[in-house]
């Protein structure tokens, strides 16, 4: 009799931990050339391996979190008060830069760490 084996693969709907990150009010007015350190809170986000990030936009302009090197799908601009899950759960431990596609001076980093 054949044996059926099933592999469990995590998905965005899984119960992965979600690490918060926000675009602050006035983020669009952060000074270009300063690394956008006032754009995202926190600007450097430590994420346990196997987790996602949850981005919330508190600014009056639309923003997103786009991978500098295409490591996750590019999200649409997130409007004021809305949130989006950034799918990081499958990425290996490393540092990943990101930016806002509409405001490229807004920058940050995800540091994915094994726990």
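The values are calculated or read from the model by the stated rules, or taken from the named source; none is laboratory data. Values in this document were obtained by computation on a predicted structure and should not be read as measured data. Cβ sites come from the backbone with ideal geometry, for glycine too, and all protein chains shown count toward neighbours.
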Q. In the set 39, 11, 51, which member is at pLDDT 90 or above and either under 20 Å from residue 83 (Cα atoms) or crowded, with 18+ Cβ neighbours inside 10 Å (or both)?
A. 51
Q: Might you let me know whether the stretch 55-65 holds any residue that is modelled with pLDDT under 90, surrounded by fewer than 16 Cβ atoms within 10 Å (Cβ to Cβ) and in contact with a helix residue (DSSP H, G or I) (Cβ under 9 Å, 6 or more places away or on another chain)?
A: no
